[in-house]
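The structure appears right after this line, and notes come after that.
The values are calculated or read from the model by the stated rules, or taken from the named source; none is laboratory data. What you see is a predicted model; the values in this text were computed from it and never measured. Because the Cβ atoms are built from the backbone with ideal geometry, glycine has one as well, and the counts that use them run over all protein chains shown. Areas reflect the complete protein model, heavy atoms only, side chains present, ligands, DNA and RNA absent. Shrake-Rupley method; radii C 1.70, N 1.55, O 1.52, S 1.80 Å.
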Amino acid sequence: MAWKTLDDMDLDGKVVLTRVDINVPFEAGHVTDATRIERIKPTIDDILAKGGKPVLMAHFGRPKGQVVPEMSLGLITDAVAKVLGVPVKFSSDCIGAPAKTAVAELGVGEVLLLENTRFHEGETKNDPQFAASLAALGDVYVNDAFSAAHRAHASTEALAKLLPCCAGRLMQAELSALEAALATPERPVVAVVGGAKVSTKLDLLGNLVRKVDYLIIGGGMANTFLAAEGVDVGKSLCEHDLAETALEIVKKADEAGCEIVLPIDVVVAREFKANAANEVVPVTECPSDAMIFDAGPSSVKRINEIIDEAKTLIMNGPLGVFELTPFHTGTFAMLAEIEAQTKAGKLISVAGGGDTVSAINMSGSADGFTYISTAGGAFLEWMEGKALPGVVALG
């Protein structure tokens with residue numbers, strides 16, 4: 001890993017421009033989920049402990065280069081202060097006179113939050129002049145927003161080239177976890193990939209078959225692979241037009257020595273609703289008028305046997321329609337096994353993606369993973385093997 005961390009930086013008396021992701025849900029005047037703010041606290045705490053003055057840069061919504069009052073970070077300043085436990089001042093602009101004045105007046109032990117960087121077109125255009133205006137405010141640049149690292153924006157990419165830079169604690173944790181899971185993993189390595197459509201994860205699957213020993217495919221994606229192999233999946237969600245693509249992925253997996261694991265039995269129903277009448281059938285016997293909603297018990301038993309043998313696991317997607325009872329059963333049983341193996345010290349487990357995090361939280365297994373990423377698109381692009389501009393810039 002070529003990038004530096006806070007441990008490598010002298011921050012005493014320095015103004016530390018810190019890119020964070022605090023793009024939190026906000027309704028009726030309140031932050032409804034402060035998780036993203038909570039995750040930046042270790043970085044801010046360390047900057048303050050090293051004598052630095054943290055100046056936070058962030059986006060909020062998608063104002064597209066316009067000043068949109070309902071997307072002002074001023075709305076969440078109090079919420080940020082409450083989580084950080086220190087005074088947080090606010091600047092009405094992220095560059096220019098307001099920002100310079102606010103930085104000059106920032107006291108020891110205080111934090112400054114700059115206005116939404118995306119109120120300026122130069123942010124998303126990665127404009128060098130805008131980046132220079134940001135750089136003029138500080139002495140050191142810290143990127144703690146892995147979730148925005150897949151975007152080459154001024155505050156995530158260009159700014160890193162203008163100031164001494166390093167990764168914040170959250171960025172460091174994300175990169176370390178992903179390096180351990182895919183770059184230098186302990187083997188056997190298992191990947192669990194689920195979701196509705198193969199078409200949204202073609203790059204991911206193509207990269208993973210070259211890096212993992214087992215690729216467990218669940219959800220609607222599994223139906224596409226099953227159909228490609230001639231299995232009748234009834235009325236299940238399925239991309240029949242991607243049959244050839246699915247078979248190409250299977251071929252690449254065979255060539256790479258990666259075993260693709262598909263359901264051998266499934267839970268089917270005829271209505272898409274909670275507690276719909278359902279039955280377990282062999283995967284080859286899905287009724288023509290039914291839909292596959294979950295992996296069956298034999299499938300889960302096989303998956304859990306693979307997990308028991310694994311040293312490293314990375315998860316992006318559930319096995320079935322976990323939002324509806326009882327079709328959460330397969331996913332939750334798998335998560336329980338991941339949790340048990342991780343807590344026993346036998347497994348390094350990394351998970352990410354919206355549906356994945358939701359399933360983990362619903363199952364109560366959140367403390368049973370080595371690391372859970374909330375980075376969304378950046379997590380997926382990293383798994384796809386793509387270079388992330390915000391990470392590359394730190395190197």
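Spin-label model, ALA274/GLU38: points 7 Å from Cα along the beta carbon direction are separated by 2.4 nm. Other residues whose C-beta falls under 12 angstrom from the C-beta of LYS235 contribute a net charge of -2, scoring Lys and Arg +1 and Asp and Glu -1. Taking amide H as placed 1.01 Å from N in the peptide plane, the amide H of SER349 sits under 5 Å from that of LEU313, THR370, TYR371, each at least 5 places away or on another chain. Between LYS235 and SER92, residue separation times 0.36 nm minus the direct Cα-Cα distance comes to 46.1 nm. Using the empirical formula 2.2 N^0.38 Å as the baseline, the Cα radius of gyration of the stretch 55-134 reaches a ratio of 1.07.
Extension gain for LYS301-ALA183 works out to 39.6 nm (0.36 nm per residue, less the C-alpha to C-alpha distance). How high is the FRET efficiency between LYS346 and GLU384 when r is their beta carbon distance and R₀ equals 25 Å, given to the nearest 0.05? That pair, LYS346 with GLU384, gives E of 0.35. Taking θ as phi - 60° and the Karplus parameters 6.51, -1.76 and 1.60, the scalar couplings of the stretch 111-125 work out to 10, 10, 10, 7, 4, 2, 4, 7, 6, 10, 4, x, 5, 6, 8 Hz in sequence order, x denoting glycine and proline. Per residue, the accessible area of the stretch 245-343 comes to 43 Å² when a 1.4 Å probe rolls over the protein heavy atoms. Helix 297-309 and the longest principal axis of the C-alpha atoms of the chain enclose an angle of approximately 50°. With the alpha-carbon atoms of the stretch 6-170 aligned to their principal axes, the span from lowest to highest coordinate is 40, 34, 30 Å, starting with the largest. In the full protein context, the stretch 6-170 carries 41 Å² of accessible surface per residue, based on a 1.4 Å probe and ignoring ligands, DNA and RNA. The stretch 1-51 to the stretch 122-168: how many Å between their Cα centroids? Centre-to-centre distance over Cα atoms comes out at 14 Å.
Which pairs in the list LYS14/LYS100; LYS201/LYS386; LYS41/LYS82; LYS50/LYS161; LYS4/LYS161 are over 19 Å apart, alpha-carbon to alpha-carbon? With Cα atoms farther than 19 Å apart: LYS50/LYS161.
Given (i) 43, 21, 19; (ii) 39, 24, 19; (iii) 33, 24, 23 as candidate values of semi-axes √(5λ) of the Cα gyration tensor in Å, which corresponds to the one derived from the coordinates? Answer by label: (i). Computed from phi, the 3J(HN,Hα) profile of the stretch 341-353 under the Karplus parametrisation 6.51, -1.76, 1.60 (θ = phi - 60°) reads 5, 5, 5, 7, x, 9, 9, 9, 10, 10, 9, x, x Hz, with x in place of Gly and Pro.
If R0 equals 56 Å, the separation of the Cβ atoms of HIS30 and GLU309 corresponds to a calculated FRET efficiency of about 0.75. Distances between placed amide hydrogens fall under 5 Å for ASP127 paired with ALA154, all partners being 5 or more residues away or on another chain.
Segment GLN66..ALA256, full-extension length gain: 63.5 nm, with 0.36 nm per residue of separation and the alpha-carbon distance subtracted. Here the spin labels are modelled as points 7 Å beyond Cα on the Cα-Cβ line, and at ILE264 and ASP367 they lie 3.5 nm apart. Applying the criteria of a DSSP loop state and at most 10 other Cβ atoms within 10 Å to the GluC sites (Glu not before Pro) of the stretch 176-276 yields no site. Karplus-derived 3J(HN,Hα) values for the stretch 282-287, using 6.51 cos²θ - 1.76 cosθ + 1.60 with θ = phi - 60°, are x, 4, 7, 10, 5, x Hz; glycine and proline are entered as x. Apolar share of the accessible surface for the chain: 50 percent from carbon plus sulfur atoms, 1.4 Å probe.
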